Amino acid sequence: MQKQKISPRPSRAGQELTKKELLQEEKDKDIWWQDSRRNGRKAIAIIVVLVFILIAVGLVSVLFNQREKLSQKEIDKIRAEMELVKKDNQAELDILQTKLDAAQKKLDQAEEEKNRKVVIEGSLSYPGSVVPADMTVCAQDLKDAKNLVCTKEHITDKKYTYGVGYKLEVIPGSYNVYATVSGWQGYQAYYDEFVSCGMKYGCTSHTPIEVKAERGKNLDGIDPIDWYKQS
């Protein structure tokens, strides 16, 4: 419990104080002085505490700001690293995209070419009992003699004149069609005017016929069987 403050009492004017009163007065002065010192110490303690609080708040604020700066630096560093990774990956993605585009273009061209191709087919024959197994049929591009489309595959089917035929897939254009065998080196049996004439007596022309392959129009009856041309 806090002691009640007692202010020193002034002496009574014109009167002498008794010894008891003097002692009481001295005692009251001492109590007042002690209370004053005690209150002074409390005030100083409060001021010191307030100063420490202010210092602590300042330190916390500085540390918090410093931590914020460090955190921002870490964030900026991570963002920079992300940009580098993104840039590297983007370069790889661009390369892959270029390859993909090129592959897709080739595929589209192949598909377009496939859709553009025309089937040429006909019967095969040979001046003998059977069609040689190594007989090759070729369609020669009239605009580029080196451009040949050939097949060695023989098709057995009753729809062909002699039961054996062939099929070629070519892109639209103009062609001469002929057959060859290894045993008759250098000879080319064309689909020509002699064939279209029926290979009868009096059919004298052996001029190859221009076969026009048009998109969407397959051709049949193109028989490269003129083995009777006199060289």
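Throughout, read-outs are computed from the coordinates displayed, never taken from laboratory work. Predicted, not measured: the structure shown is a model, and the values here were computed from it. As a convention, Cβ positions derive from the backbone with ideal geometry for all residues, glycine included, and neighbour counts pool all protein chains shown.
A few notes on this one:
- Peptides 207-218, 161-172 ranked from most to least packed by the mean count of surrounding Cβ atoms within 10 Å: 161-172, 207-218.
- Whole-Å distance, taken between Cα centres, linking segment 168-231 and segment 89-120: 36 Å
- Among the listed pairs Lys106/Lys212; Lys117/Lys200; Lys99/Lys152; Lys106/Lys143; Lys99/Lys217, those beyond 29 Å (Cα-Cα): Lys117/Lys200; Lys99/Lys152; Lys99/Lys217
- Debye, to nearest 20: dipole size of segment 94-231, +1 on Lys, Arg Cβ, -1 on Asp, Glu Cβ: 120 debye
- Residues whose amide H falls under 5 Å from that of Ile155, counting only those 5 or more places apart or on a different chain, are Gly165, Tyr166, with hydrogens built in the peptide plane.
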